[in-house]
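The values are calculated or read from the model by the stated rules, or taken from the named source; none is laboratory data. Computed from a prediction, not measured in an experiment: that's the story for all the values here. Methodologically, a virtual Cβ is constructed for each residue, glycine included, from the backbone with ideal geometry; neighbour enumeration extends over all protein chains shown. Surface areas here come from the heavy atoms of the whole protein model, side chains and all, with no ligands, DNA or RNA. Shrake-Rupley method; radii C 1.70, N 1.55, O 1.52, S 1.80 Å.
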Amino acid sequence: MWTAITQQNTTIAEDIMTGIKKMEPVPFTHVAFTDSFWAPRQTINREVTIPVAYRQSKETGRIDAWKLTWKPGDPNPPHIFWDSDVAKWLEAVGYSLATHPDPALEALADAIIDDIAAAQQPDGYLNIHFTVVEPDKRWTNLRDWHELYCAGHLIEAAVAYYNGTGKRKLLDVLCRYADHIARTFGPGEGQKRGYPGHEEIELALVKLYRVTGERRYLDLARFFIDERGRQPHYFDLEAQARGEDPAKRWYPDHSYNQSHRPVREQTTAEGHAVRAMYLFSGMADVAAETGDRSLLQACRTLWENVTHKRMYITGGIGSSAHGERFTCDYDLPNEIAYAETCAAIGLVLWAHRMVQLEADARYADVLERALYNGVLSGVSLDGTRFFYGNPLEVNPEKFACRPDLLHQPALSPRRQAWFGCACCPPNVLRTLASLGQYVYSQSDNKAYVHLYIQGEGTLTVGGQKVTLVQKTRYPWEGHVQVTVQPSHAATFTLALRLPGWCRKATLRINGEPLETDTLCQQGYLSLSRLWQPGDVVTLDMAMPVERIYAHPAVRDDVGRVALQRGPLVYCLEQVDNGPNLPTLALPRQASLTAHDEPSLLGGIVVIDGEGTRLSTEGWPGQLYRPAPPQIEHVPIRAIPYYAWGNRAPGEMLVWIRE
Ligand code: ZN
């Protein structure tokens, strides 16, 4: 038995500085879930959300737009980011087919791929809008338009579809397009020294490099990253070439798209949060492949800023709807929180890359926080409706009567069937379809477990296959049993993440308790021994209801408390607690108990407690008075944040008055 939060103050170990990558993720195709939390969500994702997203994309014209039949004067011109919506759907289908073959779905995807291939121009160019709507404006406004962003998502789709089906058609198309882009952009004579206004292609090109082995794709990713923010500023030169005043843009400086200075000189996360996450992920990828420690150092610095000063408790980031962007340190308003679903997904992508580089569990802690809260909240339990923004406090009446909020449909208090800007739904789709990739990593001598999900993963450690079988009710219970099944007895290290939320844990191997204080290395309990097939490791993590407080500089959370249990952040809903949730309070000594509600919201653990409420009785004809409201004692019920918005519409609140 021990009590420690050793991973909170870890330093970068010396060995990290000698090898740039500490581990490789185990592909999701080697990971299976048999739990009652994620496995059913993956089934719904596959059986419900993939068809929903197809239908929405079909009905809105996104899929048929690839046929390039739109003519000037026709309604519904293909938008500059439509390509990416279909690409993310194809990417998700590629992941799904890898684990669940489905000839009908594959035929549907193949038909789209045929159209995409036919849409490719003789020189390799591939973009719907700039082929049929504004063909004379190719590559003329990288700052505001999304050609390279769309290209990136198409590349990701091509890699996923090739890996999932073995079919090369889309991959070959995207290699030709990437080659066209590599001819167009670069440091050479006659090439453009531009880079995307909406990042994404950087990380995609690294994927393309990894699947093809073609170094030029990695070089192009590095070029885009190195070129970003240099002077003279490309976006200014480009605006001048269009005959525009470079200063005339709707955001005040180039920080909106992270080009305000070269990436290695950026120390705070600025601008559009999704763009920032995709950029930082690409930087981590290029660092991993090239050994560029200056990029890795920039990632570390930016990580500190995001996770210590600019992240919601849910893992949501980007607190301003205006510009979908980061604002300043500790500015984390709850009701007007933007916290786009895509941004939380981007944080997962970045965290996943950082943990492979650093072998430090603080990255996996954030990955888990975002995944179980700010990402999962983005889709309804039935898989048909979506949140774009993920606020931490909602009052539907206020939304309905305030024009400033109505102008932000992304802040809607109700989940939506789809969005005009439909980036988030297919992003959730591809994330859930490939979720297995986040659970395990492998290296020459270590098997890492980052997430606890019942099921199994097959790793390759030191050339030997090692299957890890997890038995657990996580995230509802902190008891985890890992059965180690190497193909024959072998010496290696099993590194189990001790989550940052855990303050008390016990560890046993084959029933024998271990002195664990010395085993924790950068947040991983590292067990090195000669493993025999069938060895059982048991990790018991105490999972009490925790009252969580925000840094006092977070003005919106002063005097408030949030409830968390294990990795799950909780919230209050009107349907359980009545209206006027801000009148509720949770005194510091209030008892709080957690218990199973198997029939509620797909089966959850609720938190019940005794709270107080400010009474609205006795205020007839008064708006102000020199006497405080009466205080009533009331029961309070909290549910996991991810599950809110699945019952009767109403108020929601994460940070509760204390
Ligand atoms: Zn989005």
Which ones in region 545-558 are out of contact with any Asp or Glu (no Cβ under 9 Å at 6 or more places or on another chain), touching a residue at least 24 places away in the same chain (Cβ under 8 Å) and outside any helix (DSSP H, G or I)? VAL545, GLU546, ILE548
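Taking the condition outside any loop (DSSP other than H, G, I, E, B), over 27 Å from the mean Cα position of the chain (by Cα) and over 15 Å from LEU171 (Cβ atoms), does ALA92 pass? Full working, then the answer.
Details: outside any loop (DSSP other than H, G, I, E, B): yes; over 27 Å from the mean Cα position of the chain (by Cα): no; over 15 Å from LEU171 (Cβ atoms): yes.
So ALA92 does not fit the description; no.
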Here's a check for you: in region 418-434, which residue that is in contact with a strand residue (DSSP E or B) (Cβ under 9 Å, 6 or more places away or on another chain) and over 18 Å from TYR149 (Cα atoms) is farthest from the ligand (Cβ to nearest atom)? LEU432
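Just name the residue that is nearest to ILE336 (Cα to Cα) out of those in region 264-300 that are in a helix (DSSP H, G or I) and within 16 Å of the ligand (Cβ to nearest atom).
If we filter region 264-300 for residues that are in a helix (DSSP H, G or I), which is where we start, we get 264-265, 273-290, 293-300.
Right, trim to within 16 Å of the ligand (Cβ to nearest atom) and you get 273-279, 281.
Numbers: ALA273: 15, VAL274: 17, ARG275: 20, ALA276: 20, MET277: 21, TYR278: 23, LEU279: 25, SER281: 27 Å.
Out of the qualifying residues, it is ALA273.
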Do we find a residue being open to solvent by 20 Å² or more (accessible area, probe 1.4 Å), within 23 Å of GLY61 (Cβ to Cβ) and either touching a His at 6+ places or on another chain (Cβ under 7 Å) or in a loop (DSSP other than H, G, I, E, B) (or both) anywhere in region 380-401? yes
Here's a check for you: in region 46-76, which residue that is basic (Lys, Arg) and under 27 Å from the mean Cα position of the chain (by Cα) is surrounded by the most Cβ atoms within 10 Å (Cβ to Cβ)? ARG62
Scan region 18-60 for residues that are in a helix (DSSP H, G or I), among the β-branched types (Val, Ile, Thr) and within 30 Å of PRO78 (Cα to Cα) and jot them down. ILE44, VAL48, THR49, ILE50, VAL52
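Would you mind listing the strands (runs of 3 or more DSSP E) fully within region 431-511 where at least 2 residues are within 28 Å of the chain's Cα centre (by Cα)?
Values: elements: 440-442, 446-449, 455-461, 464-472, 479-486, 490-497, 505-509.
Correct list: 440-442, 446-449, 455-461, 464-472, 479-486, 490-497.
I need a count of the residues in region 95-111 that are surrounded by fewer than 24 Cβ atoms within 10 Å (Cβ to Cβ) and part of a helix (DSSP H, G or I).
Residues of region 95-111 that are surrounded by fewer than 24 Cβ atoms within 10 Å (Cβ to Cβ), as a first pass: 97-108, 110-111.
Of the ones still in play, those that are also part of a helix (DSSP H, G or I) are 97-99, 103-108, 110-111.
The total comes to 11.
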In region 301-355, which residues are within 16 Å of the ligand (Cβ to nearest atom), in contact (Cβ under 8 Å) with a residue 60 or more places away in the chain and among the hydrophobic types (A, V, I, L, M, F, W, C)? ALA321, CYS342, ALA343, ILE345, LEU347, VAL348, LEU349, TRP350
Based on this model, can you work out whether ALA221 counts as touching a His at 6+ places or on another chain (Cβ under 8 Å), hydrophobic (A, V, I, L, M, F, W, C) and either open to solvent by less than 10 Å² (accessible area, probe 1.4 Å) or modelled with pLDDT under 95 (or both)? no
So for region 321-328 (the condition being out of contact with any Cys (no Cβ under 7 Å at 6 or more places or on another chain), of a type in the set (Val, Ile, Thr), more than 23 Å from GLU358 (Cβ to Cβ) and open to solvent by 20 Å² or more (accessible area, probe 1.4 Å)), does at least one residue qualify? yes
Among the residues of region 114-130, write down those that are part of a helix (DSSP H, G or I) and either in contact with a strand residue (DSSP E or B) (Cβ under 7 Å, 6 or more places away or on another chain) or surrounded by fewer than 19 Cβ atoms within 10 Å (Cβ to Cβ) (or both). ASP114, ASP115, ALA117, ALA118
Open to solvent by 50 Å² or more (accessible area, probe 1.4 Å), within 27 Å of the chain's Cα centre (by Cα) and without any contact (Cβ under 8 Å) to a residue 60 or more places away in the chain: does that describe PRO533? no
Meets criteria (within 21 Å of THR307 (Cβ to Cβ), assigned to a loop (DSSP other than H, G, I, E, B) and in contact (Cβ under 8 Å) with a residue 12 or more places away in the chain) for ALA562: no
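Only residues that are aliphatic (A, V, I, L, M) and outside any strand (DSSP E or B): list them for region 581-630, please. Working first, answer last.
Let us first name the residues in region 581-630 that are aliphatic (A, V, I, L, M), namely 581, 584-586, 590, 592, 594, 600-601, 604-607, 614, 623, 627.
If the condition is that a residue be aliphatic (A, V, I, L, M) and outside any strand (DSSP E or B), then LEU581, LEU586, ALA590, LEU600, LEU601, LEU623, ALA627 are the ones that fit.
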With the condition kept exactly as written, say whether any residue in region 231-239 is among the aromatic types (Phe, Trp, Tyr), within 16 Å of the ligand (Cβ to nearest atom) and modelled with pLDDT of 95 or more. no
Lone unmet requirement of (1) assigned to a helix (DSSP H, G or I); (2) in contact (Cβ under 8 Å) with a residue 60 or more places away in the chain; (3) open to solvent by less than 20 Å² (accessible area, probe 1.4 Å); (4) not acidic (Asp, Glu) for ALA370: (2)
Given the conditions (1) within 16 Å of the ligand (Cβ to nearest atom); (2) at pLDDT below 95; (3) not in a helix (DSSP H, G or I), report the number of the one that PRO413 does not fulfil. (1)
